[in-house]
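Structure record follows, encoded as structure tokens.
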Number of protein chains: 2
Amino acid sequence: MRRIWLSVIAAALPSLIVPGGLSADEGMWLFNDSPANLLREKYSFSPTKDWLEHVQRSSVRFNSGGSGSFVSADGLVMTNHHVGADCIQKLGNQLKKDLMKAGFQANTHDEELKCVDEELNVLVSIEDVTERVNAAVKPDVSPPEAQKARRAVINTIEKDSLDKTKLRSDVVTLYNGGGYHLYRYKKYTDVRMVFAPEKAAAFFGGDPDNFEYPRFDLDVCFFRVYEDGKPARIEHYLRWSKDGCQDGELIFVSGHPGRTSRLDTIDHLEFLRDTVFPLALNVIRRREVLLKNYGDRSSENARRAEDELFGYQNARKAVLGMLAGLQDPTIMDRKRADEKALRDKVAADAKLKQSYADAWDQVAASLTAYKDIYLQSYLLEQPGGGGFRSGAFNSELFQKARMLIRLADESRKPNAERLHEYAEAGLESLKQRLFSTAEIYPDLEIVKLGDSLGMLIELLGAKNDLVEKVLSGKSPQERATELVLGSKLADPDVRRKLAEGGQKAIEESKDSMLELARLVDAPARAIRKTYEESVDEPQRQAYSRLAQARFAVYGKGIYPDATFTLRLAFGQVKGYTERGQQIQWATTLGGTYKHAQAHGNKVPFELARSWIERKDRIKFDTPFNFVSTADIIGGNSGSPVINRDAEVVGLIFDGNIQSLVLDFIYTDEQARAVSVHSAGIIEALRSVYNAEALVTELLRKK
Amino acid sequence: MRRIWLSVIAAALPSLIVPGGLSADEGMWLFNDSPANLLREKYSFSPTKDWLEHVQRSSVRFNSGGSGSFVSADGLVMTNHHVGADCIQKLGNQLKKDLMKAGFQANTHDEELKCVDEELNVLVSIEDVTERVNAAVKPDVSPPEAQKARRAVINTIEKDSLDKTKLRSDVVTLYNGGGYHLYRYKKYTDVRMVFAPEKAAAFFGGDPDNFEYPRFDLDVCFFRVYEDGKPARIEHYLRWSKDGCQDGELIFVSGHPGRTSRLDTIDHLEFLRDTVFPLALNVIRRREVLLKNYGDRSSENARRAEDELFGYQNARKAVLGMLAGLQDPTIMDRKRADEKALRDKVAADAKLKQSYADAWDQVAASLTAYKDIYLQSYLLEQPGGGGFRSGAFNSELFQKARMLIRLADESRKPNAERLHEYAEAGLESLKQRLFSTAEIYPDLEIVKLGDSLGMLIELLGAKNDLVEKVLSGKSPQERATELVLGSKLADPDVRRKLAEGGQKAIEESKDSMLELARLVDAPARAIRKTYEESVDEPQRQAYSRLAQARFAVYGKGIYPDATFTLRLAFGQVKGYTERGQQIQWATTLGGTYKHAQAHGNKVPFELARSWIERKDRIKFDTPFNFVSTADIIGGNSGSPVINRDAEVVGLIFDGNIQSLVLDFIYTDEQARAVSVHSAGIIEALRSVYNAEALVTELLRKK
């Protein structure tokens, strides 16, 4: 599944630019730098400015880690079930009902359920601020000085923009330093659930079928955004295509690919292969097994852990696929050849050589510095997921405690000097998370924290000073129990009062988890400082130079690596060949029943009851899932697939197993994006779910 | 479950002696050095020589990793279902039937099914050969010389004994060098399956209930040994107790505990905590997830991987429990206090000090040497499981290939100089394994080998010379595929012909897996040599001195650490208190239904069909599972629990979660052995399975 898997490894994946020679349907393009020439040359299609703006404004980002789109004038949003799962899970917790299992359907607006803490973003404008950022960072200052200046100017640009426009304002680093763009978003925080099928239908085939094709998944759900308590009026939304797409058709994907690393230097790829991914996989498998075990003890446990467990299973397949790519000499040889070609061209030109020839070594040096602190950084303060996380403290309560402490600390500093996630521009979204009323289960917290404290001992050693302080003479299990039971932070009102009380209230609190977070804060900040000054800043500078070298050698007209911001991809609806077999472009609704039968109708191949009961009503030959060559990656989950007329013809929900190398390199030989077909969605909504009102809203032309 | 989990970590767990002050019912006693005094003092019971011999000869070792006992004059053997599972699984493979799921019942001798490659051992005699071994190793020779001399004398003693008695002859190292005993076994290799319940009944509660209590498991199965095609006539077998045991009763356990590490030095325990267990757990979880995924793809896959997957799940819980023990300061502080007490006493006596004071440091030095090669050793040649294994080549075919190559190589050397597992005395058992007709599935082999080759890259690095040679420019998946598909070693006839052809046939063969094993053989042997000379031999010498120090300070009357050889434990049937709740000594058959209901009757708490259909016939208040204070550990699975009259009152099948620290330290506060009650077995056989003939055979007095 193509949901973003930010939390576990995200570290060390810089955003970069692509190699010179673009393949076929390659590219995750900026909306302000679209692939117009490519499209004209290859498909005789020229997207107009209006077309681009319409698609951009119809696209939605789910901050829980996916993409979506407006599909009606009344604020209806379409995304994947597995993107909506975060919201479905939390609503289920609140209602003490298994909504993942049962599905949900609102027949009137009144029945639509408000999500606990969802935030949707719609990209309103993009402004190039590269010059302003670069002007603030004086040349020839030390990395710490550069890092400080860069943070200051970014915090300031974001706050100025927020003050002026009242829009969420994020400075996005593109080409990892080659460019800085200011993205302004309209935010929606009143998001209500309209329709979700049963997980058995949405994730039919479960983990075994995840990242596989052919597929038979109704991986869709619908939300509605509200403003002032009423369905929001939406100007830009995507109309529904009458018939959906056909084999061979040109399609577009507008969504938020999370991360790619296509122009990592070879040293950097090896760092991922040798250091980042192996540790990540050990942690992912560890937590997968832990949550599976917790869930096995009762159906209520299983329900509580479900979405998080899926996250790890999904990440495990994704990272395994990426690691397999890096362990494949064919792929590495191609990457080496690409790097050599650019290095040779730079070396052959005196001016280029002077400016850029040592940039690769500068990346390598930053990685050497990173290696020294990687384990500590992973455990205490690991970049990723739009902020920094602590692998050693796998606990919601700990995260809340850290946010409270830092919010109080940082709020006292001038905006320009704050840690980026505590700067003014981001505070509203941060508080939305901090004060979320989402349920926190003490038993699950103890299991997770106990395990990660054990990991802390394993990785830093029992005799490490900090480890001894954290464990405080207890076993991991004992310590986790006392920490979780000794904290009142599960109550959002308690968190709100502490935040309102500021520094003084926080310091006076004897809450066990606050005390732990306080204990860890200084070493975590120290590691972060080292990371930002000795790894991130030099790497930014080096990759910025590499980007310039690439521009100089290959010219412009290239796209930056993915950054979980809006991008436009394109491609053809197209099957492929695997082990000598032709894999058709689409499956059908009828195929679902055969697929179930072939797997003995057993979980996760057991059909939802609704699909069994209404089998006779379904038009079996309706296209259900289909594949295309569009260039997508994790984070694209829920992206609309549209035709030349910007009509919905499908919904991205996965990539096949061969697509996992897209992290490093584009290929259209076998790699495919997997989508739900628009016709399959309508047919299922009608015949299986009797969702006539929803269908009418989707098909309404005005 | 208390099956031995030799394969994954067994390295680095030396067999040692226990601390001076014995707790309550502590001890895994040698049959030739029984705890007669303890029993007399505490329980006024004095086992006679005849009693001991009768129990010894009624006990059976399953070489696949567990214990059992003779329970009729006609060769009937009782053990756990999960010990028999290896045989059940392989028979199922052969018959292409899911015997694990369906269970099995032979109504006549003709219907009994011959196991594919099972070997049972019955201990016939024990002879102390310490003096002969020690005399062969001259004092003050270098470790390599000592190691060579020790191997030579052990190989020779075993061969002499085999020639003389025709009995399987193993020299067992006790007190890790404090003593050497020659164990002679009668071997049975014609072992036939008589009765096995459905896995749903045997392993009711599955992984969630594993290592838990209260329990409701019919974890029993029956085999019969044959000689000359007829049921073997057995002189010593255990009679069935009329009523089974009661609360508070003295009971005995005769079985084969695998490994304990109760007198590891603190340095050694820290080595386990910091190096051995963390790596082992990463590998266990990795393979658990791998096999789970493979199994999820189809029910046939699930069947193929079932027993192996269980092994990893079981090992994961066991090792997690042990690691938790070592990460618990309370336990480590007790171990430190024990060590300090002995060191202080040694230091206080000039003569002891002179002889033993530096032995702890000698252990530490051996561990420092081990650390340097641990990873390589783990991957290429790792001691454990009664031989040496290769973590990097998780493949049956590879293991067979290595055996073929080494068998040819070693056979040309004088017996005294051979690697121990290729010395004359063990060849017959080795060939039983090498020529086993057990099914080898290519698809599963590819999955396992591909994953472990990936691990090899992760752990040694892609640029490592050997890694490059092994991968041969391919990705792990590609290489595994070509290795497995390019080998004919899955065919036992091919293996037999190659073995018969000797060195020449092996060298000329172009079999892909033989070529890989050949490529790896030299570095693997080199690592083993370093291990044996720089780690094992110095450690043996150091622990031997520690044993002598302990004898000198605390006197004799202590037991050696477990060595997967026959031991006698004793204890009381007794409940315990957990989180303020009294846990009763026994559960009942009727409780099974409540337990199923409490878990929604869902897998793994779904009742077997037979138990649903015959619910009305079952006497609900019959005791089903019970707990006792007997000192057991992995390998004791299937051990008979007997009363003072040596009658069967139960069958060990597990320990509770609190018992996992027994690896390091005995405690009877909460740690308990978990058994099936003899009355529950009879009632289930009668009422659920209509197994009247089997019941009659069990209850027959003569």
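No lab work stands behind these numbers, since they all come straight from the coordinates. Keep in mind that this is a model prediction, so the values were computed, not measured. Every residue, glycine as well, gets a Cβ built from its backbone with ideal geometry; the counts of neighbours run over all protein chains shown.
How long are the three semi-axes of the equivalent ellipsoid of the stretch B:315-443, in whole Å, if each is the root of 5 times an eigenvalue of the C-alpha gyration tensor, listed from largest down?
40, 23, 13
Kindly identify the stretch B:225-282 as rounded, prolate or oblate by the Cα gyration tensor criterion: order the square roots of the eigenvalues as a ≥ b ≥ c, call it rounded if a/c is under 1.5, otherwise compare a/b with b/c, prolate if a/b is larger, else oblate.
Verdict is oblate for the stretch B:225-282.
For the protein assembly as shown, what is one quarter of the convex hull surface built on the Cα atoms, given in nm²?
53.4 nm²
What number, in percent, do you get for the relative contact order of the stretch B:266-542 if the mean sequence gap of Cα pairs under 8 Å and at least 6 apart is divided by its residue count?
22 percent
Could you go through the stretch B:518-533 in sequence order and give the Karplus-derived ³J(HN,Hα) for each residue, using 6.51 cos²θ - 1.76 cosθ + 1.60 with θ = phi - 60°, rounded to whole Hz, and x for Gly and Pro?
Once θ is set to phi - 60°, the couplings for the stretch B:518-533 become 5, 4, 8, 5, 5, x, 5, 5, 5, 4, 5, 4, 4, 4, 5, 7 Hz.
How big is the Kirkwood radius of the stretch A:443-602, worked out from every pair of different alpha carbons and given in Å to one decimal?
Hydrodynamic radius (Kirkwood, Cα only) of the stretch A:443-602 equals 22.4 Å.
Above 15 angstrom, tally the Cα pairs of the stretch A:125-220 and express them as a % of all pairs, no decimals.
Roughly 71 percent, rounded to a whole number.
Summing Lys, Arg as +1 and Asp, Glu as -1, what charge do residues with Cβ under 11 Å from the Cβ of residue B:562 carry, residue B:562 excluded?
Computed value for this residue: 0.
If you average over every viewing direction, what projected area does the convex hull of the Cα atoms of the stretch B:550-702 give, in nm²?
Computing the convex hull of the Cα atoms and averaging its projections yields 12.3 nm².
Ranked from highest to lowest mean number of other Cβ atoms within 10 Å per residue, what is the order of the peptides A:290-298, A:94-102?
Going by the mean number of other Cβ atoms within 10 Å, highest first, we get A:290-298, A:94-102.
Run the label-point distances for residue A:468 please: 7 Å along Cα to Cβ, every other copy, nanometres, shortest first.
Inter-copy label distances (nm, one decimal, shortest first): 4.4.
Starting from the stretch A:179-286, pick out the GluC sites (Glu not before Pro) whose DSSP state is loop and whose Cβ has at most 12 other Cβ atoms within 10 Å.
Here the GluC sites (Glu not before Pro) that fit, given the DSSP loop and packing criteria, are A:235.
For the residues A:652, A:665, what sequence is obtained by ranking on other C-beta atoms within 10 Å, fewest first?
A:665, A:652
Calculate one ³J(HN,Hα) per residue across the stretch B:670-687 by plugging θ = phi - 60° into the Karplus curve 6.51 cos²θ - 1.76 cosθ + 1.60, and present them in order as whole Hz with x for glycine and proline.
10, 5, 9, 7, 10, 10, 7, 7, 4, 5, x, 4, 4, 4, 5, 4, 6, 7
Taking amide H positions as placed in the peptide plane 1.01 Å from N, state which residues far from residue B:220 in sequence (5 or more) or on other chains have amide H under 5 Å from it.
Hits under the 5 Å cutoff: B:81.
For the stretch A:127-190, which trypsin sites (Lys or Arg not before Pro) are both in a DSSP coil and crowded by at most 12 other Cβ atoms within 10 Å?
Answer in residue order: A:166.
Here is the link list: B:97/B:431; A:97/B:292; A:166/A:431; A:292/B:317. Which ones come out longer than 18 Å on Cα distance?
Beyond 18 Å between Cα atoms: B:97/B:431; A:97/B:292.
Label position 7 Å from Cα toward Cβ: report the copy-to-copy distances for residue A:505 in nm, one decimal, ordered from shortest.
Those separations, rounded to one decimal, come out as 8.2 nm.
Counting helices only, and only those DSSP H runs with n ≥ 4, report the 222 nm mean residue ellipticity of chain B as the sum of -39,500 (n - 2.57) divided by its residues, in deg cm²/dmol to the nearest 500.
When only DSSP H runs of four or more count, the value is -14500 deg cm²/dmol.
For the stretch B:258-360, what is the convex hull volume of its Cα atoms per residue in Å³?
Expressed per residue, the convex hull around the Cα atoms of the stretch B:258-360 is 96 Å³.
Loop only per DSSP, at most 16 neighbouring Cβ atoms within 10 Å: give me the GluC sites (Glu not before Pro) in the stretch B:505-556, ordered by residue number.
none
How many partner chain Cβ atoms sit within 10 Å of a residue's Cβ in peptide B:286-294, on average, as a whole number?
If you average over the peptide's residues, the count of other-chain Cβ atoms is 4.
Taking Cα pairs under 8 Å and at least six residues apart, what relative contact order does chain B come out at, in percent?
27 percent
With equal scatterers on the alpha carbons only and no solvent term, can you work out the Debye log10 of I(q)/I(0) for the stretch B:177-336 at 0.19 1/Å?
Evaluating at q = 0.19 Å⁻¹ gives log10 I(q)/I(0) of -1.31.
Is there a simple number for the mean count of other chain Cβ atoms within 10 Å of the Cβ of residues in A:370-379, and what is it?
Averaged over the peptide's residues, the number is 0.
Residue A:124's amide H: which non-local residues (gap 5+, or another chain) put their own amide H closer than 5 Å, with H modeled 1.01 Å from N in plane and none for Pro or chain starts?
Close amide H contacts, sequence-distant or interchain: A:184, A:185, A:186.
Just the Kirkwood number for chain B, please: inverse of mean 1/r across all distinct Cα pairs, in Å, one decimal.
26.0 Å
Taking residue A:340 in one copy and the same position in all the others, each labelled 7 Å out along Cα→Cβ, what are the pairwise distances from the first, in nm, shortest first?
List, nearest first: 6.3 nm.
For the stretch A:80-237, what does the relative contact order come out to in percent, with C-alpha contacts under 8 Å and a separation of six or more?
That works out to 30 percent.
What is the mean projected area of the alpha carbon convex hull for the stretch B:266-542, to one decimal in square nanometres?
17.0 nm²
Can you give the average number of partner chain beta-carbon atoms within 10 Å of each beta-carbon in peptide A:197-208, as a whole number?
Other-chain Cβ atoms within 10 Å of each residue's Cβ, averaged: 1.
Evaluate the Kirkwood expression for the hydrodynamic radius of the stretch B:564-628, namely the inverse of the mean inverse distance over all pairs of different C-alpha atoms, and round to one decimal in Å.
Computed over Cα pairs of the stretch B:564-628, the Kirkwood hydrodynamic radius comes out at 14.2 Å.
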